[in-house]
Amino acid sequence: MSDESTGRGERGPSLPRPGPDALYGPNPTPPQLENGFGWDADPLLVSGCDAYVDGEYLYQDYVYDDHGADTRSVFDQPPEGNTMGGFYCRATGDYRYPSDPDSYGYNAADLLEFRARPTDDGIAYRITLNTMLEPDAAAVAIGIDTEADPEATGSDDGDDRRTDWGYGLGELGAPVDHRLVTWGTGAELDGHPLDDDRLDVDVRRNQIEIEVPLDPADETWRHYVAVGLWDADGERFQEVAADADESVPGGRKRGLDAPPIFNVGFRFDEQEPMARNVDLETLVPRVATVVANTPRELLEELESPFETLQRLGAAANVAEDFEDPLDLLNPLGNPLAPFGTTAVSDLVSDLEELWPLSDVAGIPRVLGVGNWREHRQAQALAERDISEFGADIDFATLREGTTERNVPESGFVSYLYPSRHDFGAGVDPHANVLKGRIQPYGAYIPEDIEADEPVPMVTALHSLGNCYTQYRVWMPGYVEALAEATGGVVFMPQTRGPGIWYKRRAELDVFEAWRDLERRVDIDRSQVSVAGYSMGGFGATIMATKHPDCFGRCFAVVGPPAEDPLEGPTGNLLATPSLLMQDLFGGEGGGRLLSVFTEQPENALRLTENLRHVPMLLWHGGTDALVPLLGPANYANRLRSHGYRHEIDVFPTADHFLIAIQDYWERGPEYLAETDQPAFPKRVTFRYVPEFDYPDLDIRHDGAHWVTDIEAKAGHGSALVDATSLADGYADPDAETFSATGTKPLPYTARGVEWDGHGAETERGPANALELSLEGVESATLWIEAAGLDPEVELTIEAEADTAATLTLRGSFGARDVTVDRGESTVTVGPLT
């Protein structure tokens, strides 16, 4: 236990708890997870897994993996249509939904769960979709192979065994004896309509239930399931066009016959690979991909930025008067120089000469294998052979009522959690947000963790343009090093999108997913740390500053201290014009050109006082042009001015990406292994910034440890409480600066502050007393027993405040309000019991 702690133990009504309410309580049961008549099993909520549970067969699919076939190579232009952004987490599949969000929500053919059970009259199936806005927007095909063998040729009785399932699906490579197709408002078995009483669709639950008159007895039948969109006029699956419009899906390559399937079920975890796919042979084509993926309109605008600003009307005067002698609009220099050109349009013209190579195979457009766990699905659909994706359902096991869950206990696991908040359905491709109630996250579980012992946890936050699989796909050494050094799990939340900068819904997602993970793994709250790369490094920093009682250490790599690219390097002296941050490249609902930033950008430089008990390790590249070194250096200077423990390591030869590409992590994970967070330290310092609160999501950042419910005085942008308990005596730590050099994982120079004991000359107490320094505080709550103080003994409060404030003393005795005046004052209270 840290000698900064007043103790750690079970929380009760007299002790505050860390983190927002989202971290506590049971998971909700949103409609998608409800069971109707005849269905009783709880959902698995582990993707790529199946189970037999008391007479029911369950398969849990991945979510947001509905991207269809891989139809475009690195040299092909992407199809027209809307899809969620995130350059480093593109799906392998290339399909696009129709631009009709009210009907399809850009997610209508996303399988969430498949269930089956025998009944007195046949077999009952239940299909749950992730999004259902219209009962007949999606179509589901269930193929049944009674031989349970894709290689079998069928029996001699003339059965209708076929690999072309009809309904516009075409050749699928999976031989079946029976074909069950439903479009919500209707269903057919082997081409014959089913009676209405055998079909039920529930739009609220996103569920379709069908009972078919087939008798499997105690046999094992192989099942396949495929989901696409329904063409009601053609009574078939809707054909995928080359480009999407308001009524037609897109993504098929001209001349390529791809099946109209967005999502295939029964893809088990080991069948969906995750790996890097960038090497020297594909690097040059992928550079071409960067431009090929960029809308031509944007490229043309970037060529003449001032003309663009003038065309935006409101910014005309700014554009006319603005001069750029420092080339601030292009801080990276000319990115096209390596291609021998200075104009974007010239480069595009040059690249168009490569389009005849569009038939070149083997270089997929997507960066990263398995970003959304659908890579093999996309390949199989392009090959028109889904026979590898089948589930052999044993009806004897179902009739016996056996329970057998096939869920991984270690390795990288794709989990799902149900959110308490309803933000709508489907995907918002303009704001880059996953809106649904069911959200994914990843966790790496080491094989050797003790199931009956609490384990450490590292929260690894993904980079801009990435998703929850980033570190498993791109930096597997990072994940393994974190787990090995800490002896715990690595928790990787999705945060509802590729670039929400860890606030609002993204911040909520971290805690809701954490809540769910604690249902599965016993987490030691005293050994929880936070880490991340690039935007994830910013996320690690801002989360640690907002919740210093949740995270005991922080390891941020090439992360900016502020979302605004100018605030960090200038130490808050300058900010990026709102025209760029909130109009062209961000803001509520997404930017007009790109969605990079969010509304009301946040800044960790404003909250550095909160890190008294969160040691920080910052890694940064000396040649990083995307996040200039000056930003993290300014952040480290703030920590140094507070005398807080930290270390900033500068790698002179590294740019923004080299550390990740190398994927060696000596010293960083070991730093997090030392996490030992005091639950109730003797001294608590917390700055409250009201504008960083999200009351609509029940998220407030108004205190930590035993200081909570801080309110700022009207007219003050923030409020600071610095509170010290003298119950066991207190002396300020001896803060000493240090510097060092080293070579692992790359040559680096380091400097920072470490604590070396405590100064006897500053020791006060022990006494049943509090010392307070207040700035801009209207009111605050102090938890007396958590601070180690005795409510049965008279309490002395010595305060220095710039304005009068009300203090609520809280504990097992209830609550007592005390007023402190402006200036220096001494107040005696109690006994409180």
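Fully extending the segment from F268 to L626 would add 125.1 nm, taking 0.36 nm per residue of separation and subtracting the current Cα-Cα distance. A 1.4 Å probe, protein heavy atoms only, puts the accessible area of M132 near 20 Å².
Over region 629-780, what lengths in whole Å, largest first, do the semi-axes of the equivalent ellipsoid take, defined as the square roots of 5 times the eigenvalues of the alpha-carbon gyration tensor?
Working through the eigenvalues yields semi-axes of 34, 23, 14 Å.
The calculated FRET efficiency for D756 paired with D422, based on their beta-carbon distance and R0 = 56 Å, is about 0.60.
For region 778-826, with all protein chains present and a 1.4 Å probe, just round the carbon and sulfur fraction of the accessible area to a whole percent. Looking at region 778-826 in its full context, I get 35 percent from C and S.
In region 131-273, the portion of solvent-accessible area held by carbon and sulfur atoms comes to 40 percent [1.4 Å probe, whole percent, DNA, RNA and ligands not counted]. Value of Rg to Rh for region 457-524, rounded to two decimals, is 0.97; Kirkwood radius and Rg both from alpha-carbon coordinates. Database remark: amide H of L809 closer than 5 angstrom to the amide H of L782, R816, D817, V818 (H placed geometrically; neighbours at sequence offset of 5 or more, or on other chains; Pro and chain starts carry no H). Of E383, E400, the order by accessible heavy-atom surface (1.4 Å probe, DNA, RNA and ligands excluded), from most exposed downward, is E400, E383. For region 115-217, the alpha carbon positions stretch 44, 32, 22 Å along the principal axes, listed from largest to smallest.
In the assembled protein chains, H620 presents an accessible area of approximately 0 Å² (probe radius 1.4 Å). For region 727-833, the orientation-averaged shadow of the C-alpha convex hull comes to 9.7 nm² (one quarter of the hull surface). Rounded to the nearest Hz, the phi-derived 3J(HN,Hα) couplings of region 654-661 under the Karplus curve 6.51 cos²θ - 1.76 cosθ + 1.60 (θ = phi - 60°) are 8, 9, 6, 10, 4, 4, 5, 4, where x marks glycine and proline. Each residue of region 158-242 gets 137 Å³ once the volume of the Cα convex hull is shared out per residue. Considering only Y415, T402, V427, and ranking their Cα positions along the charge dipole of region 376-444 that arises from unit charges at the beta-carbon of Lys, Arg, Asp and Glu, the one farthest toward the positive end is V427.
Surface calculation, 1.4 Å probe, protein heavy atoms: R687 sits at approximately 40 Å² accessible. A simple charge model with +1 on the Cβ of Lys and Arg, -1 on the Cβ of Asp and Glu and nothing else charged puts the dipole of region 774-833 at about 240 debye relative to its Cα centre. Site pair D734 and E778 shows an inter-label distance of 4.4 nm when each label is modelled 7 Å from Cα along Cα→Cβ. Give the calculated FRET efficiency between E674 and S812 to the nearest 0.05, with a Förster radius of 41 Å applied to their Cβ-Cβ distance. Working from the Cβ atoms, E equals 0.75. Accessible area per residue (1.4 Å probe, heavy atoms of protein chains only) ranks K546, K253 as K253, K546, with the largest value leading.
Across the cross-link table entries K253/K435; K546/K682; K546/K744; K682/K744, which are compared at the Cα atoms, the separations over 27 Å belong to K253/K435; K546/K744; K682/K744.
Please list H642, H67 in order of solvent-accessible area, largest first, computed with a 1.4 Å probe with all protein chains present. Write down the numbers at each step before the final one.
Details: H642 60, H67 35 Å².
Descending accessible area places them as H642, H67.
The values are calculated or read from the model by the stated rules, or taken from the named source; none is laboratory data. Quick caveat, the model's predicted, so the values are computed rather than measured. Every residue, glycine as well, gets a Cβ built from its backbone with ideal geometry; the counts of neighbours run over all protein chains shown. Each accessible area value is taken on the protein alone, full model and side chains, heavy atoms only, with ligands, DNA and RNA left out. Shrake-Rupley method; radii C 1.70, N 1.55, O 1.52, S 1.80 Å.
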